[in-house]
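I'd like to ask some things about the structure below.
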Amino acid sequence: MFELCNQGKEGACLSYALPEGVVENDVGEQTVAFYYVERDSTGAVTNRRIVDENEEILLELGECAEMGVRTVTKGIDADETPLIDGEATVTADVNGECFGEPTPSPECPECSFTLGSTDDPFSNLLSAGPDPSTGFPGIDVRLRVDTSPGTGGDLTESNFAVCENGCGQTIESVAFESGGAVDIVVVFDDTGSMGGPIDDLQDEITGFTDDLEAEGVDARYALVSFKDNAEVDTDFTDAASFKTTVDGLSASGGGDGSEDNVDALAVGTGNARAQTTDTEDPPTGGALSTFRPGAQRVLIDITDIGAHDETDDRTRFSQSDVEGFLNDGNFAYYAVAPDATRFDVNKRDIADNVDDGTWIEFDSSADLSPVIDDITEDLTADAYVLSYTTTNPAADGTTRTVDVEIDDPDQGLLYEQGSYDAPGS
């Protein structure tokens, strides 16, 4: 028995060659052959794999192969000459055939455009990711174009161009439809002054979820509440379970001015775990699970007051941090809040600063019902779905940047950018 370890720079194909003149046996098998010892996770031997001369076995970088020698001597006289007379050679070949066929480089057709400014009021990329029906490498890009031709459904394939990681893609179809997958996070201030809005939310939540379902929206819902620290009331769930959670909300506490809305936004975007106490470090509270690939991400932030910033020892994140979380995650952000100019953080400012933000003026004495109706109308509006098969079908887990050019008859060239993560192998 001996052990051979790969301490080089890359994987290699192991093989061996015997010298000429090996004595032959009567059963037609190799008289002398190497075998590889295979063990389970406990170290117990599960197999001794016989390997023929010149057969290649992969030895990855940093791994070791435990090897032995088997002899088959039936029909050989013990008084004959040695079974082999010479050297057996073991070879490690980094260019061997055990690696299989090399993976071809993905095609990269030239992109037909250079991305321009994405900061315009007329277009909005909602989501990009694997086609929910066919899966990867089919990709769907969902976007809205707020122009007369765009809202009328008049744009066709000739009005769009798509590039992925700088490579041109062939659009296979364009649909104009409602529906699609949406992951919705409601971030709700449940302090004492919010009793009325909580009652409104409880009254409206069934109609809200029913309206989305009626329009073909595949929605999941999560609820994060906050006072001076955030709490994950429910991770992503269905409409019925979400309603049960909302019905359990009650208004209490607060009274010390601004709340920890900034940390609640970090939790709601999936970038932080909640704290079980105001200053717990490290945090041990709840956290949201992963957003679905290709689903539109929506965060609805409802409060009647401004927020304290990172200079308060109860807040871990800055306004700039959460604006980055919202942009990086391509969230549609609804700030249902007052214009709280005298506070450290004003949610109206966040809505103004992020790529897809909407501020809806609100205070605790106002009726929340029309606000929910407006958001429902937004989420169920028709959108364009651009479908293509990516030219890079490798399931490599990489993040792919998707650029879209829109040639609108009224507004000219518009641009949007998003991204998705390819599945891992």
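The values are calculated or read from the model by the stated rules, or taken from the named source; none is laboratory data. This is a predicted model, so every value here is computed, not measured. Backbone-built Cβ (ideal geometry, glycine too); neighbour counts: all protein chains shown.
Only one of D26, D52, D40 is loosely packed, with under 11 Cβ neighbours inside 10 Å, in the same structural domain as D93 (by TED's automatic domain parsing) and without any contact (Cβ under 8 Å) to a residue 40 or more places away in the chain. Can you tell me which?
Of the residues listed, the single one that is loosely packed, with under 11 Cβ neighbours inside 10 Å, in the same structural domain as D93 (by TED's automatic domain parsing) and without any contact (Cβ under 8 Å) to a residue 40 or more places away in the chain is D40.
Suppose we keep only residues that are farther than 18 Å from T269 by Cβ, of a type in the set (D, E) and modelled with pLDDT under 95 within segment 219-248. Which one would you say is surrounded by the most Cβ atoms within 10 Å (Cβ to Cβ)?
Only one residue tops the list, namely D228.
Test of understanding: among D367, D408, which residue is touching a residue at least 40 places away in the same chain (Cβ under 8 Å), assigned by TED's automatic domain parsing to the domain that holds D211, at negative phi and not hydrophobic (A, V, I, L, M, F, W, C)?
Result of the check over D367, D408: D367.
Let me ask something additional. Output the residues belonging to segment 49-69 that are in contact with a Phe, Trp or Tyr (Cβ under 8 Å, 6 or more places away or on another chain) and within 12 Å of F34 (Cβ to Cβ). Show your work before the answer.
Initial filter on segment 49-69 (in contact with a Phe, Trp or Tyr (Cβ under 8 Å, 6 or more places away or on another chain)): 49-51, 53-54, 57-58, 65-69.
R49, I50, V51, E53, N54, I57, A65, E66, M67, G68, V69 - these are the residues of segment 49-69 that are in contact with a Phe, Trp or Tyr (Cβ under 8 Å, 6 or more places away or on another chain) and within 12 Å of F34 (Cβ to Cβ).
Here's another thing I want to ask about it. Residue under question is D378, and the condition is that it be touching a residue at least 24 places away in the same chain (Cβ under 8 Å), closer than 23 Å to R297 by Cβ, of a type in the set (D, E) and crowded, with 19+ Cβ neighbours inside 10 Å; does it hold?
It is false that D378 is touching a residue at least 24 places away in the same chain (Cβ under 8 Å), closer than 23 Å to R297 by Cβ, of a type in the set (D, E) and crowded, with 19+ Cβ neighbours inside 10 Å.
Continuing with the same structure: In segment 386-425, how many are over 19 Å from the mean Cα position of the chain (by Cα) and surrounded by fewer than 14 Cβ atoms within 10 Å (Cβ to Cβ)?
Final tally of qualifying residues: 4.
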